[in-house]
Amino acid sequence: MPYIPHDGLETAAMLAAVGVDSLDQLFDEIPPNLQVQDMALPEGLSEMALRRELEGRALSNAPLRCFAGGGAYAHHIPAIVWEIAGRGEFYSAYTPYQPEASQGTLQVVYEYQSFITRLTGLEVSNASLYDGASGLAEACLMALRIQGGQGDDKSILVPENLLPGWRRVLDSILGLQQIRLVTVPYDRVAGTLVLPAEAGDAAALIIPQSNALGLLESVDVLTDWAHGHGLLAIAVVNPLALALLKAPGDWGTQGADMAVGEGQPLGIPLTGGGPYFGFLACRKAHVRQLPGRLVAKTVDGQGRAGFCLTLQAREQHIRRGKATSNICTNQGLMVTAATIHMATLGGHGLQRTAVLCHERAVRLRELLTVVPGVRLPYGGPFFHEFVLRLPHAAVAVRDALLGHGLLAGLPLSDWGMGEAGDLLVCATELLDEADLLAYRDALTSVLETL
Amino acid sequence: MSDSIFDHDHHFPAVELPSDIPAELLRKAPLNLPNPAELEVLRHYTRLSQKNFSIDTQFYPLGSCTMKYNPRIAHTMASLPGFARLHPDTPAPAMQGLLQVLWELQEWLAAVTGMAAVSLTPAAGAQGELAGVAMIRAYHAARGDHERRKMLIPAAAHGTNPASAQMAGFAVVEIPNLVDGDLDMAFLDQHLGPDVAGIMLTNPSTLGVFERRIADIAARVHGAGGLLYYDGANLNAILGRVQPGQMGFDVMHLNLHKTFATPHGGGGPGAGAVAVQERLRPFLPLPMVTRSEEGALRWLDEGDLPQSIGRLSAHGGNVGVLLRAHAYLRRLGRVGVGRVSAYAALNANYLLKELQRVGYQAAFPERRASHEFILTVSDLQKATGIRALDVAKRLLDFGIHAPTIYFPQLVPECLLIEPTETESKATLDRFVAVMAQIRQEALAQPELLREAPHHLPVGRLDEALAARHLDVAAAQ
Amino acid sequence: MSKIPETLRYSDTHEWVEDLGGGRYRVGITDHAQELLGDLVYVEVPDIGKAIHGGEVCGVLESVKAAADLYAPVNGTVMERHDGLGDNPQWLNEDPYGQGWIMVVEADAAAWAGLLDAAAYAKLTES
C-alpha cells in the first residue's frame, strides 16, 4: 500500500484495540447514504510507471531559450540552493509555531528579512506573501488601513503601465471591498508615467520600477509627488534589479513607504508560473498594519539568543475577522531558497548578476535593432527588458520563433497594450553571445518569410 | 563557530554600475549583503536545517494540519527541467505536457470532491477560502440578490474563515457549537434569512467529530437562499469515502499541502484549489485548463468565463505544488485514495483509545474520532497547574512535535492530535509510551514540564521581549 | 486572586475608572484583564480630543498570544493619553492601576455613577 505502513496483523490488532470489526466500522457515525463506493479516478501507478509517464509529459514541453520576462525571469540558480532547500529538514518542516523545534527555519527567515530590508532600504520585511501581484494587493490594503480610509472614499492610484497581470489581481482582490482603482496614464511617447492630475481621495500611489514596458521611471519625482499630496508611495520592484537601482527607501526626499515585488528572480525556478513568493517591506512605524508572518530575535530563559514569530496578534489565528489579512500559509520554502541564493551570490554576486543582465539586454537590443524593419518605440533607460516594434504582428513572430527554439518575448497585444507589432524582450545572464546572435539570425529569417 | 551568515564576509572590489542608466536611478549606497564562500553557505544552512523538526526526522501529531509523509518522487517529478524551466507565458502549444497534468488534476479533484468543476489557481487554503466566498458573493450578485451581506461561521472555525469572509466584504456571524461538538441548530434557524449569503463549515468539524446532521443543515441553509462553503482542511478524514458535493456543499477549497501530501516547507507554499457545483462554475477564478475534443489543451481566460471572480496571482498559482499533488494522486489511484481516510481514521481512533488507557481525557469521549481527536488536560491543570502548553513542550524533548494546542478554543487546555495514515503502529505506540511518561512526570515533578524543553537548541523564548523590543532584521 | 481597589469603579468589559475630580476620569484595564491577556506588548489608544462612547471599542490591546478590544467605559472625550505605554507596555501587567493607566477622559458624573463598584465587579469576575 503506497505510503501506508500497516501490515495485516497490525491492522487487526489496532481494530481490536478500538473495538471495531472493520475499517468501515470506523465511519459508523457518517450516514451511509453519504458514503460513496467508487470515484472516477484512474488506477494507481508504481513509482517506476509514474516516473515514466511524467518524464514523457515533461519532455513534451518544448525546450526553449527564454527571452521572455514580464514578471517571471530565467536566471541561473546555483546547485547549492535547492540542494539545501530540498533537504527534508526544510522541505518537510511545519510552520515554525513551536520555536524551540524550528530554530533553523526561523533563523533563515530572519536572515531573509535582513536581506530584503537591505535591498529595499526599508526597516521591516515580512516572511513572504503568495506572489508579487497578490503582495501588491496586500500592500494596498495596508496603505488603506494606515490612511484610515472609511466607507466609499477608498481608492488607490494605479499606473497604467503596471504589469496587466498584476492589475487584474488588484481588480479581483480590492474590488471585493469596493476600493476604487484610479488609473494613472503613461506618456505614449516616453512610455513612462505622467504625474497624476490630482490625488483625489487616494491612500497611495503605486510606483513600478521598472514598468511593464521595461522602462525606468523617475521614482524620486513620483515619490515626492505622492508625499506632497498626502499619499503613501508603494514601490513595485524587481529584487535583483535593486542590486543596481536606487533602493525604495532612498526614493525622493523621504523614501517610499512600502516596497513590494516578485521574489522569483532570487533562486526560484520558473515552473510554469509558481510557486514564487511576494516580498513586502515597510517602515517600522507601520509594522502593526503589516500582513503575514514576522520573525524576531529574542532570548530564552538562559539568555541564549533565539528566534520566534512575533506580533502574531496581527494574524488570523488570533485576530480572526479583524486580522490584517487572511493569509496563513505563505511561501516559506521559496524564501528558504531565496535566502540561500542571496547568500551564495553575496552582495557582490547579486550586483554582478544584475549588471550582466543589463549588459546582455543592451547588447541584444543593439543586435535586434539592426534587423530590417525592427524599431525601438521607447528610448529611455531600462534594466533588462525592452520593447521592440516589429513590422508584423508580434504574436505571429513569437509563434514562428518557437520553431527556432526561442521564446522570443511577450507580445504586448496579449495584454491589450501598445501596438500589434510590440514585443517585450528580456535578456538575463543565462544568455551568452551565441544565444543573442541566434536570436538576431532567427528574427531576420522569420521577418523575411512572414 | 559562527552562527550568523553576516559573520562570513569576504572583501570584493566594488562593482562598476552601468553608465547608461542615469545616476539618480542607481543605488546610492553599496549593497550591504555579506559575501560568504560557497562552503560557508553550505555549512551554515545545513547546520540551521539540523535545528528543525521535520516529517523526515520526527513524528508530527499535529491536528488540523495533516502532516503526512511527502513522497520524494513527487519532488523529483516537479523538479524535472521540462517543468521547472517553463516560463509561464509559454504559448499553450509549447506546454501541452504541463497543461495535461493540470487538466487531469482538475478532473481528479472534481471526482474526489463530487463537484462539477475545479480551479487550481489559489495559492493556499486561505486564498481558496477568499475565492470561495467571493464566488458566493458573485453568485448572489448575478441574481440581483444584493442584500446577502452575512456569512455564518462556527465559533470553533479556523481563524482564516472569518478573516477571508471579512476580506470578501461580508459581515461575520459566529454560530456556537453544542457540548457534543455539533452545531447549535436553534441558533442557526434563528439567524438564517434573506440577509445571509452562506455558511462556512468544516466536516469533520475542527472538534474532530463528524457533523451528523449535515444534510439537514444543508437543506435549511439552501431553504433560506444561502450557499454552503466547505473548508477542506479536514478532507483527509473522508478522502475517497465521502464527497463534500454529496453532503450538500456548493463550494470548497482543498489544501493540497495537507490532504495531497505536498510539503509544508516550513510555512508554505501550499495550494488551495477550489471546487464548485455547476451553478457556481461561471464564477471560478482564472486561469483554468480546458481540453478540446481533439485533445488540445489551453488556458481559459476572461473571454471564456466573463463572470469569473478574476485572478488571484500573476500566473497560474503554485504550479510546482500542483505537480506534486498530481504525482501523489496518480501514484495512489482510486484504491489508494480510499485507503487514506480508512487508515487515518484507524490511527486516530487507535491513538485515542490508547491515550485514554494511559489516563488522558477525551473531549468528546462518546464520539468516534475522525482523523483527529481532542484531549483535554484540565485535570492535570487542576491537580498540578500543568497546562497543555507544558505537555506540548515536554513532547519536544522526546523528539515528537507538539500537537496543536489551544485550538479549538472551545475546549479548555486542549491538545488536537492527528497522526495521519502514514505513521506506523510502532510510532504510535512509542508516542503513547511517551505521553504516559509525561503524565507521570506532570504529577510527580511538574517543574520538569514547566521548564521544558530541555534538550533543544533553545528553551522557551521570551516572546514578550521579542514583541516589545522588535528586532526583525540584523543591524547594519 | 486579582486585585480590585475599592476606590475605583469598573465596566463589565474590564476597564477601571478613577474619579480625578472636575469631571475628569482616568481609565485603565483591570488586574483581572491583564491576567487573562498575558504579557501585553501593545496598546492602541484613541487620539486626544476624540469622542468615545461607553460600551464601544475605542482601542486595541495586544499580548503575545491574544488581542482584545479596548472598550470605552463611559461616554466622554479623550483629554490625555499615556504615551509612555508605547515603549513600556509591560506597565499594563506590572502596575495596571498605577503606571499602567491608559488615558484620561472628560465625562459626566452620571456616567461614573452608573459603573460597577468593586464588590459588583468582584462578583462579575468570579462568575
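Yes/no matrix, rows are residues, columns are (1) more than 7 Å from chain A (Cβ to nearest Cβ); (2) without any contact (Cβ under 8 Å) to a residue 40 or more places away in the chain:
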| residue | (1), (2) |
| --- | --- |
| B:ALA14 | yes, yes |
| B:LEU17 | no, yes |
| B:ILE21 | no, yes |
| B:LEU26 | no, yes |
| B:VAL41 | no, yes |
| B:LEU48 | no, yes |
| B:ASN52 | no, no |
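If we scan the range B:12-19, do we find a residue that is surrounded by 13 or more Cβ atoms within 10 Å (Cβ to Cβ) and among the polar types (S, T, N, Q)?
Within the range B:12-19 (the criterion being surrounded by 13 or more Cβ atoms within 10 Å (Cβ to Cβ) and among the polar types (S, T, N, Q)), the answer is no, since none of the residues qualifies.
So if I check each of B:THR76, B:THR113, B:THR57, B:THR46, which one is crowded, with 22+ Cβ neighbours inside 10 Å, hydroxyl-bearing (Ser, Thr, Tyr) and on the phi < 0 side of the Ramachandran plot?
After ruling out the rest, the residue left standing is B:THR113.
Just wondering, is there one or more residues in the range C:49-65 that are of a type outside the set (Ser, Thr, Tyr), at pLDDT below 90, under 15 Å from C:ASN93 (Cβ atoms) and open to solvent by 10 Å² or more (accessible area, probe 1.4 Å)?
The answer is yes, given that some residue of the range C:49-65 is of a type outside the set (Ser, Thr, Tyr), at pLDDT below 90, under 15 Å from C:ASN93 (Cβ atoms) and open to solvent by 10 Å² or more (accessible area, probe 1.4 Å).
Listed residues A:LEU41, A:LEU9; which is more than 30 Å from B:SER64 (Cβ to Cβ), open to solvent by 10 Å² or more (accessible area, probe 1.4 Å) and hydrophobic (A, V, I, L, M, F, W, C)?
A:LEU9
Take the residues of the range A:81-106 that are of a type in the set (S, T, N, Q) and touching a residue at least 40 places away in the same chain (Cβ under 8 Å): which is surrounded by the fewest Cβ atoms within 10 Å (Cβ to Cβ)?
Within the range A:81-106, the match that is surrounded by the fewest Cβ atoms within 10 Å (Cβ to Cβ) is A:THR95.
Mind listing just one residue for me: the one in the range A:314-346 that is assigned to a helix (DSSP H, G or I) and of a type in the set (S, T, N, Q) and, of those, farthest from the chain's Cα centre (by Cα)?
Only one residue tops the list, namely A:GLN316.
Which one of these does A:PHE386 not meet: (1) out of contact with any Phe, Trp or Tyr (no Cβ under 9 Å at 6 or more places or on another chain); (2) touching a residue at least 60 places away in the same chain (Cβ under 8 Å); (3) open to solvent by less than 40 Å² (accessible area, probe 1.4 Å)?
Single failed check for A:PHE386: (1).
Could you list, in sequence order, the residues of the range B:156-173 that are over 19 Å from B:ASN234 (Cβ atoms) and open to solvent by 20 Å² or more (accessible area, probe 1.4 Å)?
B:GLN166, B:GLY169, B:ALA171, B:VAL172, B:VAL173
Conditions tested, residue by residue: (1) among the hydrophobic types (A, V, I, L, M, F, W, C); (2) touching an Asp or Glu at 6+ places or on another chain (Cβ under 9 Å).
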position: B:CYS414; (1), (2): yes, no
position: B:ILE417; (1), (2): yes, yes
position: B:SER424; (1), (2): no, yes
position: B:MET435; (1), (2): yes, yes
position: B:GLN440; (1), (2): no, no
position: B:LEU443; (1), (2): yes, no
position: B:GLU447; (1), (2): no, no
position: B:HIS455; (1), (2): no, yes
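Would you be able to say whether some residue in the range A:140-149 is at pLDDT 95 or above and either within 9 Å of chain B (Cβ to nearest Cβ) or assigned to a loop (DSSP other than H, G, I, E, B) (or both)?
yes
Among what's in the range C:19-38 and is touching a residue at least 40 places away in the same chain (Cβ under 8 Å) and acidic (Asp, Glu), pick the residue that is nearest to C:GLU80 (Cα to Cα).
C:ASP19
Which one of B:ARG430, B:ARG450, B:ARG387 is charged (D, E, K, R), within 14 Å of chain C (Cβ to nearest Cβ) and open to solvent by 10 Å² or more (accessible area, probe 1.4 Å)?
B:ARG387
Would you mind finding the one in B:ARG357, B:ARG324, B:ARG298 that is charged (D, E, K, R), within 9 Å of chain A (Cβ to nearest Cβ) and over 16 Å from B:GLY128 (Cβ atoms)?
Exactly one residue qualifies, and that residue is B:ARG357.
Applying the selection to the range A:16-26, what residues are facing another protein chain (nearest Cβ under 7 Å) and over 12 Å from B:GLU354 (Cβ atoms)?
A:LEU23, A:LEU26
When only residues in the range B:329-343 that are more than 21 Å from the chain's Cα centre (by Cα) and open to solvent by less than 10 Å² (accessible area, probe 1.4 Å) count, which is farthest from B:ALA78 (Cα to Cα)?
This residue is B:GLY336.
What are the residue pairs meeting all of these: first residue in the range A:167-187, first residue at the interface with chain B (Cβ under 7 Å from one of its Cβ atoms), second residue part of a strand (DSSP E or B) and surrounded by fewer than 20 Cβ atoms within 10 Å (Cβ to Cβ), Cβ atoms under 8 Å, and 6 or more apart or on different chains?
A:ASP171/A:LEU181
Are there any pairs with C-beta distances below 7 angstrom linking a residue in the range B:196-216 that is touching a residue at least 60 places away in the same chain (Cβ under 8 Å) to a residue that is of a type in the set (Asp, Glu) and open to solvent by 10 Å² or more (accessible area, probe 1.4 Å), with the two at least 6 apart or on different chains, and if so which?
Once the first residue is touching a residue at least 60 places away in the same chain (Cβ under 8 Å) and sits in the range B:196-216, its partners that are of a type in the set (Asp, Glu) and open to solvent by 10 Å² or more (accessible area, probe 1.4 Å) give B:PHE210/A:GLU29.
Residue by residue through the range B:309-339, note down the ones that are touching a strand residue (DSSP E or B) at 6+ places or on another chain (Cβ under 8 Å) and among the aliphatic types (A, V, I, L, M).
The answer is B:ALA314, and nothing else.
Does B:ALA402 satisfy being in contact with a Cys (Cβ under 7 Å, 6 or more places away or on another chain), within 14 Å of chain A (Cβ to nearest Cβ) and crowded, with 22+ Cβ neighbours inside 10 Å?
The answer is no for B:ALA402.
Being more than 9 Å from chain A (Cβ to nearest Cβ) and farther than 15 Å from B:ALA131 by Cβ is the filter; apply it to the range B:238-253 and report the residue that is surrounded by the fewest Cβ atoms within 10 Å (Cβ to Cβ).
My answer is B:GLY248.
Only one of these is modelled with pLDDT of 95 or more and buried (at least 24 other Cβ atoms within 10 Å of the Cβ): A:VAL158, A:VAL184. Name it.
A:VAL158
Can you tell me which residue is farthest from the other protein chains (Cβ to nearest Cβ) among those in the range B:370-379 that are open to solvent by less than 10 Å² (accessible area, probe 1.4 Å) and outside any strand (DSSP E or B)?
In this case the residue turns out to be B:VAL377.
Taking only the range A:63-80 into account, find how many residues are surrounded by fewer than 23 Cβ atoms within 10 Å (Cβ to Cβ), touching a strand residue (DSSP E or B) at 6+ places or on another chain (Cβ under 9 Å) and more than 10 Å from B:HIS87 (Cβ to Cβ).
Residues in the range A:63-80 being surrounded by fewer than 23 Cβ atoms within 10 Å (Cβ to Cβ), touching a strand residue (DSSP E or B) at 6+ places or on another chain (Cβ under 9 Å) and more than 10 Å from B:HIS87 (Cβ to Cβ): 1 in total.
Results for (1) more than 12 Å from chain B (Cβ to nearest Cβ); (2) open to solvent by less than 10 Å² (accessible area, probe 1.4 Å); (3) under 30 Å from A:GLY349 (Cβ atoms), shown as yes or no for each residue.
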site: A:GLU198; (1), (2), (3): yes, no, no
site: A:ILE207; (1), (2), (3): yes, yes, yes
site: A:ILE234; (1), (2), (3): yes, yes, yes
site: A:PRO239; (1), (2), (3): no, yes, yes
site: A:LEU245; (1), (2), (3): no, yes, yes
site: A:TRP251; (1), (2), (3): no, yes, yes
site: A:ILE268; (1), (2), (3): no, yes, yes
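Could you name every one of the helices (runs of 4 or more DSSP H) located completely within the range B:380-476 that has at least 2 residues being over 27 Å from C:GLN90 (Cα atoms) and not charged (D, E, K, R)?
B:388-397, B:425-444, B:446-450
The values are calculated or read from the model by the stated rules, or taken from the named source; none is laboratory data. Since the structure is predicted, the reported quantities are computational estimates derived from the model, not experimental observations. Here the Cβ is made from the backbone with ideal geometry for all residues, glycine too, and neighbour counts use every protein chain on show. Note: accessible area is taken over every heavy atom of the protein model, side chains too, but ligands, DNA and RNA are not part of it. Shrake-Rupley method; radii C 1.70, N 1.55, O 1.52, S 1.80 Å.
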